[in-house]
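Heads up: the structure comes next, in structure tokens.
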Amino acid sequence: MTKVALTVSGLYKQYGSAEVLKGVDLTANSGDVISIVGSSGSGKSTLLRCINLLEIPTAGEVRVHGELIEMRTDSKGERKPVSMRQVERIRSRLAMVFQGFNLWSHLTVLQNIIEVPVHVLKVPKKTALETAEQLLNKVGLYDKRHAYPHHLSGGQQQRAAIARALAVEPQVMLFDEPTSALDPELVGEVLSVMRELAEEGRTMLVVTHEMSFAREVSNQLLFLHQGKVEEQGCPKELFAHPSSERFKQFIASVY
């Protein structure tokens with residue numbers, strides 16, 4: 001039986017008078033790889049940041065494996081989580097990989113990966129180190145485990161960031177344009193790791209400009225336009241027969 005990993009219902013996000021998300025719905029089953037595409041300013045990254053509450057949605061619900069992230073409205077009329085403890089627990093299930101790597105510069109690659117498991121999740125250090133070394137081997141960085149981030153290429157830093165995300169054993173992985181900050185020759189090494197994760201059955205939401213990845217690796221595509229879901233479905237079918245005029249224009253401009 002297919003398990004629902006993540007449900008987003010009627011998600012809105014407003015900054016002042018600017019409405020960035022306008023009622024987005026999304027369902028990710030366990031093992032789904034969902035590519036989220038759209039032009040700049042369409043709300044793609046904001047959607048990911050609202051899912052793990054780096055941004056607080058103006059309205060709507062997020063459920064992770066059926067558990068609702070509970071929200072309340074305070075005395076100033078601002079929306080806030082009911083429990084930060086719940087948010088922290090949910091975030092540990094929603095590992096995020098950013099376009100800017102976000103590695104801690106004062107820690108080695110190995111220390112970066114064990115930091116959250118040891119200090120937040122209270123995993124024994126020996127266990128965390130063993131897992132970290134396995135993950136670094138997986139992403140092809142075992143020989144760089146004692147290096148500091150500034151000694152790594154952009155592609156190596158992003159692979160280290162993916163290993164760090166995997167170290168918390170997430171139920172859903174969120175990728176926010178993971179290759180956009182990389183030189184073109186380094187994009188392939190990161191996409192290769194992401195393909196392997198998809199083949200393993202990882203549940204992944206990927207904001208991306210890499211249309212070949214969206215078409216060939218994803219099993220679901222979400223096209224956002226001006227904060228709304230304009231097109232959604234099987235990537236190969238949508239690329240071959242887009243029903244939305246805006247999506248046709250988008251494909252023509254990027255693919």
Note to self: Given axes a ≥ b ≥ c from the Cα gyration tensor, I'd like to know whether the range 106-255 is rounded (a/c under 1.5), prolate (a/b larger than b/c) or oblate.
What the structure shows: prolate
Checklist line | Spacing of the two label points (7 Å from each Cα toward its C-beta) at residue 19 and residue 58, in nm | finding: 0.7 nm
Check: How large is ³J(HN,Hα) for each residue in the range 71-78, as worked out from phi by the Karplus curve 6.51 cos²θ - 1.76 cosθ + 1.60 (θ = phi - 60°), to whole Hz, x for Gly and Pro?
Finding: 10, 9, 10, 7, 5, 8, x, 8
Next item on the list: Enter the accessible area per residue of the range 180-246 (Å², integer; probe 1.4 Å; all protein chains in place).
Entry: 47 Å²
Next item on the list: Would you pull out the residues with amide H under 5 Å of residue 123's amide H, same chain only if 5 or more places away, H placed 1.01 Å from N?
Entry: 118
Check: Which FRET efficiency value, to the nearest 0.05, do you get for residue 239 and residue 2 by plugging their Cβ-Cβ distance into 1/(1 + (r/R0)^6) with R0 = 30 Å?
Finding: 0.75
Notebook entry, point to check: Using a Förster distance of 30 Å, how high is the FRET efficiency between residue 9 and residue 192, based on the Cβ-Cβ distance and rounded to 0.05?
Noted result: 0.30
Checklist line | Candidate residues 7, 27: accessible-area rank, largest first, probe 1.4 Å | finding: 27, 7
Check: Using only helices, what value at 222 nm comes out for the chain when you add -39,500 (n - 2.57) per DSSP H run of length 4 or more and divide by the total residues, to the nearest 500 deg cm²/dmol?
Finding: -10500 deg cm²/dmol
Notebook entry, point to check: Are there any helices in the chain, counted as whole DSSP H runs, that stretch 15 Å or more along their axis by Cα and score at least -0.5 on average by Kyte-Doolittle, and if so which?
Noted result: 109-119, 154-166, 184-199
Check: From the square roots a ≥ b ≥ c of the eigenvalues of the alpha-carbon gyration tensor of the chain, which class results: rounded (a/c under 1.5), prolate (a/b over b/c), or oblate?
Finding: oblate
Check: Expressed as a rounded percentage, what relative contact order does the range 107-255 have, with Cα pairs under 8 Å and six or more residues apart?
Finding: 17 percent
Notebook entry, point to check: In whole angstrom, how far apart do the alpha carbon centroids of the range 209-251 and the range 64-103 sit?
Noted result: 28 Å
Next item on the list: Between beta-carbons, use under 9 Å as the cut-off and find the net charge around residue 8, counting Lys and Arg +1, Asp and Glu -1.
Entry: -1
Notebook entry, point to check: Got a sec? What order do 105, 9 fall in by accessible area at 1.4 Å, biggest, i.e. largest, first?
Noted result: 105, 9
Note to self: Give me, ordered by chain and number, the residues 5 or more places off residue 20 or on other chains with an amide H under 5 Å from its own placed amide H.
What the structure shows: 13, 14, 15
Next item on the list: Could you list, in their original order, any pairs among 22/44; 138/236; 13/76; 3/236 whose Cα atoms are separated by more than 19 Å?
Entry: 138/236; 3/236
Item checked: Loop-located GluC sites (Glu not before Pro) in the range 109-211, at most 16 other Cβ atoms within 10 Å (DSSP) -> 200
Notebook entry, point to check: What's the FRET efficiency of residue 199 with residue 83 using the Cβ-Cβ distance as r and R₀ = 35 Å, to the nearest 0.05?
Noted result: 0.45
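The values are calculated or read from the model by the stated rules, or taken from the named source; none is laboratory data. Please read these numbers as outputs of a predicted model, since none were measured by experiment. A quick note on method: Cβ atoms are made from the backbone with ideal geometry, for glycine too, and the neighbour counts reach across all protein chains shown. The accessibility values were calculated without ligands, DNA or RNA, using every heavy atom of the protein model including side chains. Shrake-Rupley method; radii C 1.70, N 1.55, O 1.52, S 1.80 Å.
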